[in-house]
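Any read-out appearing in this document is the output of simple, stated calculations on the displayed coordinates, not a laboratory observation. Note that the coordinates shown come from a computational prediction; the quantities given were computed from them, not determined experimentally. In this analysis, Cβ positions are derived from the backbone assuming ideal geometry, glycine residues included, and neighbour counts consider all displayed protein chains.
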Amino acid sequence: MKKSQTTDSDNPLNSYRERFLSLKRDLDAINYFCKGTLLKRMMKCGQKRCACQRVPSKRHGPYFEWTYKAKGKTVNIRFQPEEAPVYQNAVEEYGKLKSILTRMERLSRTALARLARQALSNSRKI
Ligand SMILES: [Zn+2]
């Protein structure tokens with residue numbers, strides 16, 4: 001049997017589609033995420049006689065804080081050291097999410113350019 005000139009595997013659009021679907025499956029594995037920054041800081045208290053006012057190493061803490069922007073405002077959420085892994089995980093998930101989205105977008109641009117060329121050449125054949 002004679003091979004047709006363009007098989008499915010020859011068409012890059014099929015491989016774009018496969019890669020896109022695979023990235024969508026990666027998205028499925030994303031857990032709760034948060035953007036923003038996690039801070040660990042030592043604080044001064046309000047008491048004038050406390051050593052923390054003069055000696056940095058006598059400051060209290062560490063206190064953990066999650067800082068992010070929402071509707072143009074900075075939001076600070078204090079949390080306990082025991083809660084840190086939860087937020088740390090969420091920050092890592094956000095990093096994964098961003099990386100998947102970046103790859104999906106790049107792939108989309110390539111695929112869209114190809115689809116657009118295809119649409120153009122199809123319309124010219126008629
Ligand atoms: Zn103090």
3J(HN,Hα) from dihedral phi, the stretch 59-71, Karplus parametrisation 6.51/-1.76/1.60, rounded to Hz, x for glycine, proline: 5, 8, x, x, 9, 9, 9, 10, 10, 8, 9, 9, 6
Relative exposure of Ser22, Ser15, judged by other C-beta atoms within 10 Å (fewest first): Ser22, Ser15
R0 of 41 Å, Cβ-Cβ distance Thr110-Thr74: FRET efficiency to nearest 0.05: 0.65
Cβ-based charge dipole, the chain, positive-most Cα from Gln118, Phe64, Gly95: Phe64
Using a Förster distance of 41 Å, the FRET efficiency for Val91-Gln47 (Cβ separation, nearest 0.05): 0.75
Under 22 Å from the Cα of Lys35 - lysines, other chains or at least 8 residues apart: Lys24, Lys69, Lys71, Lys73, Lys96, Lys98
Cα radius of gyration and Dmax for the chain (Å): 26.0, 93
Residue exposure sequence - Phe64, Phe33 - by fewest surrounding Cβ within 10 Å: Phe33, Phe64
CD proxy at 222 nm, helix term only [per DSSP H run n ≥ 4: -39500 (n - 2.57); per residue of the chain; nearest 500]: -17000 deg cm²/dmol
Fully extended contour minus Cα-Cα distance, from Thr102 to Glu82, at 0.36 nm per residue: 4.0 nm
GNM top mover of Lys71, Lys96, Lys35 - the chain, alpha-carbon springs below 10 Å: Lys71
